[in-house]
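Asker: What follows is a single structure, and I will ask about it in a moment.
The values are calculated or read from the model by the stated rules, or taken from the named source; none is laboratory data. Nothing here was measured: the structure is a model prediction, and the numbers come from that model. FYI the Cβ positions are ideal-geometry reconstructions off the backbone, even for glycines, and counts take in every protein chain you see. Accessible surface areas use protein heavy atoms only, side chains included; no ligands, DNA or RNA. Shrake-Rupley method; radii C 1.70, N 1.55, O 1.52, S 1.80 Å.
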Amino acid sequence: MNALSKSREIKSWTLQDSKDLYGVDNWGRGYFKVKKNGELAALLQGKEEEVEVSLFEIVQGIRDRGIGMPVLLRFEDILHKRISYINTNFMKKMREYNYKGSFRGVYPIKVNQQEQVIEDISSFGERYSHGFEAGSKAELMVALAYVRSKDALIVCNGYKDEEFIDLALYGKKIGLNVFIVIERPGELKTIIARSKKLGIQPNIGLRVKLSSTVGGKWAESAGDLSVFGLTASQILEAIEVLKKDGMIDCLKLLHYHLGSQIPDIKSIRSAVTEACRYYTSIAAEGAPMGYLDIGGGLAVDYDGSKTNFAHSKNYSLSEYCSDVVDVVMGAMDEANIAHPVIVSESGRSLVAYSSVLIFNILDVNNFYSPDLDISLPEDAHELLVNLREVHKSIMVKNLQEMYHDALYYRDDARDMFLTGEIDLKTRGLADQLFWQILLRISQCAKELRFVPEELQDLEKKMVSIYYGNFSVFQSIPDSWAIDQLFPIMPLHRLKEKPSVSAIIADTTCDCDGKIDKFVDLYDVKSFLPLHPFIEDEEYYLGVFLIGAYQETLGDLHNLFGDTHVISIRLDEDDEVIYSKEIDGDSVSDVLSYVEYAPKELVEDFKGMVEKAVRRKLISPNERRDIIKAYEEGMNGYTYFEM
Ligand SMILES: Cc1ncc(COP(=O)(O)O)c(C=O)c1O
């Protein structure tokens with residue numbers, strides 16, 4: 001491409017085109033935006049106003065500090081905004097409706113258990129008395145140590161042994177608002193026995209198995225076949241047992257959890273309605289109650305479409321709060337029962353926005369070259385001449401015919417190569433011409449009003465593979481495991497047209513280590529438009545909205561470990577500071593996770609190298625270099641280092 005046509009390409013593409021293409025104003029919710037200089041920015045709260053902080057500049061700063069890619073960025077400010085957002089929205093709706101109860105958020109630790117995140121929620125959430133939900137002994141220990149406000153709640157879900165129950169009871173004894181939620185009928189006996197033994201009255205909650213079910217990917221958490229919660233008859237039995245043991249006064253909370261990422265507000269409304277029926281009925285049985293725990297499920301709009309698609313949601317937080325408060329208030333007033341404290345276990349919506357994975361592109365594999373010179377030598381094989389003729393004859397009105405001709409000659413090329421009629425070079429050229437023809441046909445097909453079915457998917461077949469320096473399994477496991485979509489886009493060059501249709505492969509050598517589904521406002525895209533890769537120039541992509549579940553569920557596939565983590569915030573002068581830095585796993589770290597002893601590996605390797613010296617395969621000097629490389633590799637990052 002000459003300089004003139006390159007500048008034309010830049011001029012004809014606007015920032016608005018990039019915004020529309022990547023949908024950043026839709027899924028970014030005002031936390032991310034495209035800057036005038038073509039870089040992507042995070043919007044962070046400054047002293048007086050919001051400050052645009054270029055993610056590309058942050059990456060430069062990280063590079064300057066000698067830190068390699070990939071890196072997980074945590075934006076403390078975005079997490080704080082999300083905590084405020086959910087608390088203030090509930091409080092506002094309660095005021096508007098004249099609701100007499102209050103709101104308490106409890107953060108489910110499982111959604112992102114990293115200490116930085118928990119510490120942030122604990123310290124910033126203190127002003128809202130935001131507490132924790134613990135689903136295991138280990139999580140309860142975190143909750144007990146990190147809860148700051150005396151009014152915050154700790155809700156204990158999950159299967160509980162005596163040790164778990166004792167810890168929860170001791171928590172209550174030291175003045176914390178710990179609730180033990182019964183998930184299965186057998187637990188109640190142990191709770192009663194332990195509370196009598198320790199002489200501590202528990203706060204008891206019941207988890208109800210609602211018959212309301214939802215759409216989306218986590219639908220199995222609710223409904224009659226869900227593994228958690230008590231049925232109506234089991235709830236009645238539990239009430240009877242509590243009455244018999246003189247402990248009905250301990251029954252204060254009703255909990256349900258419909259599943260995560262509920263896309264449709266109708267499901268939320270019907271679940272609250274059903275739960276209120278249970279709540280008022282349990283209160284009518286003589287339990288004091290006072291707390292209605294609506295679980296998690298508040299969805300994140302990953303594709304920005306505002307629909308009831310599984311990766312989106314068709315409601316705002318304000319509508320969610322309105323519906324919950326409205327339904328609860330109506331049901332309680334009708335039953336003449338005091339308005340309960342509404343407890344939310346929202347996790348995904350709280351933490352998803354604040355983490356971004358950043359990685360660089362290492363290389364690109366194009367099946368075809370868009371700039372291929374298709375002039376052939378005089379003595380070119382007839383097959384190549386025929387393919388070139390097909391290429392020259394392409395017109396909007398003969399696309400299908402040319403497509404069939406190209407397929408015919410491509411198959412011919414394969415047969416001729418097998419029988420030795422053409423050599424490898426001719427076969428290679430035939431392939432290149434074939435892809436060139438397909439590229440032209442797919443471009444011309446865009447001008448057709450009706451695109452024949454066989455030409456519809458051509459663009460999908462023409463994708464380039466961009467190799468990213470990250471592991472899908474470690475950093476975005478839900479993308480592999482459940483086809484979860486996350487917004488992905490370049491951090492820079494947004495004034496330029498992204499002219500290459502690409503999929504992304506990671507650095508694991510697993511054919512599942514790729515991303516080939518991307519968010520789109522109306523559909524799911526099978527490729528992501530990216531900028532042509534320029535040799536020796538860095539090209540950075542960000543994967544957004546990954547703060548929920550991804551860090552927790554990631555694994556060591558191919559022994560790629562945890563990435564570096566850097567927390568970003570603004571200082572008093574609105575300057576960016578890299579406030580906390582956690583080194584990613586080294587090779588020796590990940591080896592020790594899978595039961596190797598790195599020191600022994602070094603010793604064993606030294607022994608092998610020494611044998612090579614004795615066999616005169618290498619000199620003693622070379623021995624030194626080889627051992628140094630092994631030791632450095634052992635201490636190095638598991639990802640591709642530059
Ligand atoms: C009992 C319970 N509460 C809360 C949550 C958090 O849900 P979400 O992340 O959708 O808010 C979960 C996760 O599925 C859960 O199992």
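Asker: If you go through segment 552-592, how many residues are out of contact with any strand residue (DSSP E or B) (no Cβ under 9 Å at 6 or more places or on another chain) and either assigned to a helix (DSSP H, G or I) or polar (S, T, N, Q) (or both)?
Answerer: 10
Asker: When you go through (1) open to solvent by less than 40 Å² (accessible area, probe 1.4 Å); (2) of a type in the set (Asp, Glu); (3) without any contact (Cβ under 8 Å) to a residue 24 or more places away in the chain one by one for residue 333, which number turns out not to apply?
Answerer: (1)
Asker: Might you check whether a residue that is under 30 Å from residue 506 (Cβ atoms) and open to solvent by less than 10 Å² (accessible area, probe 1.4 Å) occurs anywhere in segment 312-330?
Answerer: yes
Asker: For segment 144-193, which positions are under 19 Å from residue 104 (Cα atoms) and hydroxyl-bearing (Ser, Thr, Tyr)?
Answerer: Once the filter is applied, which keeps residues that are under 19 Å from residue 104 (Cα atoms) and hydroxyl-bearing (Ser, Thr, Tyr), segment 144-193 yields 146, 149.
Asker: Let me ask you something else. Would you be able to say whether some residue in segment 555-565 is at pLDDT 95 or above, more than 16 Å from the ligand (Cβ to nearest atom), aromatic (Phe, Trp, Tyr) and in contact with a Pro (Cβ under 7 Å, 6 or more places away or on another chain)?
Answerer: no
Asker: On to the next question. Within the bounds of segment 561-574, is there any residue that is within 15 Å of residue 637 (Cα to Cα) and open to solvent by 60 Å² or more (accessible area, probe 1.4 Å)?
Answerer: Yes, the conditions are met somewhere in segment 561-574.
Asker: Sticking with this one: Criterion first (modelled with pLDDT of 95 or more and exposed (fewer than 15 other Cβ atoms within 10 Å of the Cβ)) does residue 591 satisfy it?
Answerer: No: the conditions fail for residue 591.
Asker: Could you please tell me which pairs satisfy a Cβ distance under 8 Å, a separation of 6+ or placement on different chains, a first residue in segment 278-295 that is over 10 Å from residue 254 (Cβ atoms), and a second residue that is part of a loop (DSSP other than H, G, I, E, B) and within 16 Å of the ligand (Cβ to nearest atom)?
Answerer: Listed pairs, sorted by first residue: 295/256; 295/257; 295/258; 295/345.
Asker: Across segment 446-497, what is the number of residues that are over 25 Å from residue 435 (Cβ atoms) and hydroxyl-bearing (Ser, Thr, Tyr)?
Answerer: The qualifying residues number 3.
Asker: Within segment 336-360, track down each residue that is open to solvent by less than 10 Å² (accessible area, probe 1.4 Å), more than 16 Å from the ligand (Cβ to nearest atom) and of a type in the set (A, V, I, L, M, F, W, C).
Answerer: Those that are open to solvent by less than 10 Å² (accessible area, probe 1.4 Å), more than 16 Å from the ligand (Cβ to nearest atom) and of a type in the set (A, V, I, L, M, F, W, C): 356, 357, 358, 359.
Asker: Could you list all residues from segment 392-429 that are outside any helix (DSSP H, G or I) and open to solvent by less than 90 Å² (accessible area, probe 1.4 Å)?
Answerer: Our first condition is that a residue be outside any helix (DSSP H, G or I); within segment 392-429, this holds for 394-395, 419-423.
Scanning segment 392-429 gives 394, 420, 422, 423.
Asker: In this structure, does residue 85 turn out to be closer than 30 Å to residue 142 by Cβ and either modelled with pLDDT of 95 or more or part of a helix (DSSP H, G or I) (or both)?
Answerer: Yes.
Here is a yes/no grid of residues against (1) at pLDDT 95 or above; (2) not in a strand (DSSP E or B):
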residue	(1), (2)
144	yes, yes
159	no, yes
163	yes, yes
166	yes, yes
190	yes, yes
196	yes, yes
205	yes, no
211	no, yes
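Asker: Also: Using beta carbons and a limit of 7 Å, which pairs, at least six apart or on different chains, have the first residue in segment 506-535 and within 21 Å of residue 492 (Cα to Cα) and the second one assigned to a strand (DSSP E or B) and open to solvent by 70 Å² or more (accessible area, probe 1.4 Å)?
Answerer: Here the result reads 506/514, each pair linking segment 506-535 to a residue that is assigned to a strand (DSSP E or B) and open to solvent by 70 Å² or more (accessible area, probe 1.4 Å).
Asker: Is it the case, given these coordinates, that residue 292 is within 16 Å of the ligand (Cβ to nearest atom), open to solvent by less than 20 Å² (accessible area, probe 1.4 Å), of a type outside the set (Asp, Glu) and in contact with a Pro (Cβ under 6 Å, 6 or more places away or on another chain)?
Answerer: The answer is yes for residue 292.
Asker: Being aromatic (Phe, Trp, Tyr) and either modelled with pLDDT under 95 or within 30 Å of residue 518 (Cα to Cα) (or both) is the filter here; which residues of segment 283-334 pass it? Break it down into steps so the answer makes sense when it comes.
Answerer: Step one: list which residues in segment 283-334 are aromatic (Phe, Trp, Tyr), which gives 291, 302, 309, 315, 320.
302, 309, 315, 320, listed by residue number.
Asker: How many residues are open to solvent by less than 10 Å² (accessible area, probe 1.4 Å) and of a type in the set (A, V, I, L, M, F, W, C) if we restrict to segment 489-514?
Answerer: 5
Asker: Mind checking which residues of segment 225-270 are over 24 Å from residue 325 (Cβ atoms), within 13 Å of the ligand (Cβ to nearest atom) and polar (S, T, N, Q)? Explain how you work it out, then say what you get.
Answerer: First, the residues of segment 225-270 that are over 24 Å from residue 325 (Cβ atoms): 225-228, 230-250.
Retained after the next criterion (residues that are within 13 Å of the ligand (Cβ to nearest atom)): 226-228.
226 - this is the single residue of segment 225-270 that is over 24 Å from residue 325 (Cβ atoms), within 13 Å of the ligand (Cβ to nearest atom) and polar (S, T, N, Q).
Asker: Identify, please: which residue in segment 12-55 is surrounded by 15 or more Cβ atoms within 10 Å (Cβ to Cβ) and of a type in the set (Gly, Ala, Ser) and is, among those, farthest from the chain's Cα centre (by Cα)?
Answerer: That would be 46.
Asker: How many residues, within segment 529-552, are under 24 Å from residue 299 (Cα atoms) and not small (Gly, Ala, Ser)?
Answerer: So the count comes out to 8.
Asker: Follow-up question, since we're still on this one. So if I check each of 165, 67, which one is within 25 Å of the chain's Cα centre (by Cα) and buried (at least 16 other Cβ atoms within 10 Å of the Cβ)?
Answerer: Values: 165 fails: within 25 Å of the chain's Cα centre (by Cα).
Unique residue meeting the criteria: 67.
Asker: Let me ask something additional. Answer with yes or no whether residue 320 is within 16 Å of the ligand (Cβ to nearest atom) and outside any loop (DSSP other than H, G, I, E, B).
Answerer: yes
Asker: Now, a different point. Counting only residues that are in a helix (DSSP H, G or I) and small (Gly, Ala, Ser), how many does segment 329-370 have?
Answerer: So the first thing to find is which residues in segment 329-370 are in a helix (DSSP H, G or I), and the list is 329-335, 348-354.
When the remaining residues are screened for being small (Gly, Ala, Ser), the result is 330-331, 335, 349, 352, 354.
Result for segment 329-370: 6.
Asker: Mind counting the residues in segment 88-116 that are within 15 Å of the ligand (Cβ to nearest atom) and among the charged types (D, E, K, R)?
Answerer: 2
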